[in-house]
Amino acid sequence: MSNAVKVFFSYSHKDEALRDELATHLSMMKRQGVIEAWHDREISAGSEWANAIDDNLEVADIILLLVSANFLASDYCYDKEMTRAMERHQTREARVIPIILKPSDWNGAPFGKLQALPKNAKPVTTWQDQDEAFLNVAQGIRRVVEDIAKLKTSSSTASETTTPATSSLPATSGGLTERQRRRLEQERDSVQQQYDLASTKLGRLRQAYGIETDVSTKLKLEAQIQESQTEHSRLDGQLEEIEQKLL
C-alpha cells in the first residue's frame, strides 16, 4: 500500500451524505490498493483534529474539493483547506480536483480555473441519475490516479537504477547538468504560461455556460469546454513530466 495514491476529501459536514456516496464509488480503487482515501471522520477519539487534518492534507497526492454553497460558506474549508490545497497544486506537490456537488456560485473561486468533475462541471445533484454522475466523477479521478501512479513508478525506478555520473560536465543533485536544468526550467516556464492562458479560457467558458440560456449556444459552449479541458489536461501532464525530470 506504500505506493497507493493518497486522496484527501475537503468537504462541508452538511454534505457528508454526498461525500459518503462518492467514497462508495471509489471503493473499487481502494480494493485494488491504488488509492488510500482520507477524510476527517477517520480521526480517532482523543486525537487533535486540526493536526490530523493538516498532516493528511500535507501528504495527499490528490485533494478533492467537494464544492457546494456549504463548502464555500465554511471558513475552515475555504480559508484553511482549500487555500493550502491550491498552494500545493501550484507547486505541483498535489493535484486538486473540484467536484461540483450542488449548484453554487464558484466560478470566481481560486479553483475555478481547474478542470472540475463531473462532465462540464454539471453539479451532481442536478443529474437525473446521481449514480451516473458519481460514476463520471470516479472515472475522472481514476484517470488522474493512473497518471500519478505512473509518475511514482517511473520516479522510483529512476532512483533505483541511477548510477554515479562519469561525465566531466557538472551535474546537479538530480543528475542533470546545469545546461539541461536551465533548458527544462525554460521549457517549464513556457508551458506554465500556456497552462495559465488555458486555465483562464476554461474559466471564462464555464462562466459563459453557467449564465447562457439558449440551448444551441450551450451545446456549442459544451464542445468548446471539452476541447479546452483536453488542452488543459495535456499541458498539466506536460508540466508534471517536466517537474519530475527536475527532481
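The values are calculated or read from the model by the stated rules, or taken from the named source; none is laboratory data. For clarity, every value in this text was computed on a predicted model and none was experimentally measured. FYI the Cβ positions are ideal-geometry reconstructions off the backbone, even for glycines, and counts take in every protein chain you see. Protein only, heavy atoms only, side chains kept; ligands, DNA and RNA dropped before computing areas. Shrake-Rupley method; radii C 1.70, N 1.55, O 1.52, S 1.80 Å.
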Revision key, fill the gap. Dipole check, the chain, charges on Cβ (K,R +1; D,E -1), about Cα centroid: among 106, 205, 4 the Cα furthest to the positive pole belongs to 205
Revision key, fill the gap. Taking the chain, the whole-percent share of alpha-carbon pairs separated by over 27 angstrom is 41 percent
**Study point:** Lys, Arg +1 and Asp, Glu -1 on Cβ, resulting dipole of the chain about Cα centre, debye, nearest 20
**Key:** 660 debye
Revision key, fill the gap. For the chain the mean separation of alpha carbon contacts under 8 Å (6+ apart) over residue count, i.e. relative contact order in percent, is 18 percent
Check your understanding: Once the whole set of protein chains is in place, how much accessible area is left on residue 201, using a 1.4 Å probe, in Å² to the nearest 10?
Key -> 120 Å²
Point to revise | For the chain, calculated [θ]222 nm from helices alone, where every DSSP H run of n ≥ 4 adds -39500 (n - 2.57) | key: -18500 deg cm²/dmol
Practice item. Report the charge-dipole magnitude of the stretch 1-112 in Debye, nearest 20, computed about the Cα centre from +1 at each Lys and Arg Cβ and -1 at each Asp and Glu Cβ. Key: 400 debye
Check your understanding: Tell me, what is the 1.4 Å probe accessible area of residue 67, in Å² to the nearest 10?
Key -> 0 Å²
Study note, to complete from the structure: Over 29 Å (Cα to Cα) among 14/150; 14/152; 14/80 -> 14/150; 14/152
Practice item. Post the alpha-carbon centroid distance, the stretch 70-93 to the stretch 122-148, in whole angstrom. Key: 21 Å
Exercise for review: Taking the chain as the reference, fit the longest principal axis to its C-alpha atoms, fit the long axis of helix 178-211 to the helix C-alpha atoms, and give the angle between the two in degrees, 0 to 90, nearest 10.
Suggested key: 10 degrees
Check your understanding: Of all the accessible heavy-atom surface of the chain, with the other protein chains kept in place and a 1.4 Å probe, what percent is carbon and sulfur?
Key -> 48 percent
Practice item. Report, in degrees rounded to the nearest 10, the 0 to 90 angle that the Cα long axis of helix 16-25 makes with the longest principal axis of the chain. Key: 60 degrees
Check your understanding: How do 188, 143, 181 rank by accessible surface area computed with a 1.4 Å probe, from largest to smallest?
Key -> 143, 188, 181
Study note, to complete from the structure: If every Lys and Arg gets +1 and every Asp and Glu gets -1 at its Cβ, then about the Cα centre the stretch 174-247 yields a dipole, in debye to the nearest 20, of 140 debye
